[in-house]
Amino acid sequence: SQLNRVMNEQHTAPKRPASPAPGISGGDSPAWEDTIVTRKTLLKRLKNKDDQASWQEFFDTYWNLIYRVAAKAGLSDADAQEVVQETVISVAHKIDGFVYDPAVCSFKTWMLRLTRWRILNQLERRRRDQELIRYSASVSADAATKTARSSASPTRPASTWRKRGTRNGRATST
């Protein structure tokens, strides 16, 4: 579909900007977020998942906001980009159920709630990956210790046992 094509084209973008998007002032200040105006007509057009121009407009309007929220949550550049992608996909899947009523919930609030869920998913993935790395390291360390122990106890030649008069804990007759 057209949406998949837009998402695939955007997969490597965006790179974290050194400064805010064109026309946005304020650096890292969130004040520029208030300048993003959600147009009701765009939201209606987004319900058509094949409307590539509308999805591109949506992406161009919101990617920076989504990215900054993810980066501010402590995610790496790559993880923040992944959150952008996953959030746009979530919006595409859930836009049909969104009812625009600014008195109840603005679109931006709804979208940022989806973004926060994607951020939590990334943080949970990071936690699981770190646990797996720690577990793998401990298993490797245990295996190395067991290998070292088994190679540290050399077997004694039979002549040593005969000299002592025992073999396998039993007295031998000489």
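The values are calculated or read from the model by the stated rules, or taken from the named source; none is laboratory data. These figures come from a predicted structure and were not determined experimentally. Counting neighbours? That spans all protein chains shown, and the Cβs are built from the backbone with ideal geometry, glycine included. For accessibility, only protein heavy atoms count, side chains too; no ligands or nucleic acids. Shrake-Rupley method; radii C 1.70, N 1.55, O 1.52, S 1.80 Å.
Worth pointing out:
- Residue order for 139, 37 - accessible surface, 1.4 angstrom probe, largest first: 37, 139
- Using a simple spin-label model with pseudo-atoms 7 Å out from Cα toward Cβ, residue 129 and residue 145 lie 2.8 nm apart.
- Whole-percent carbon and sulfur share, accessible surface of the range 58-132, 1.4 Å: 55 percent
- Members of 47/72; 49/72; 47/108 lying beyond 27 Å, as alpha-carbon distances in this model show: 47/72; 49/72
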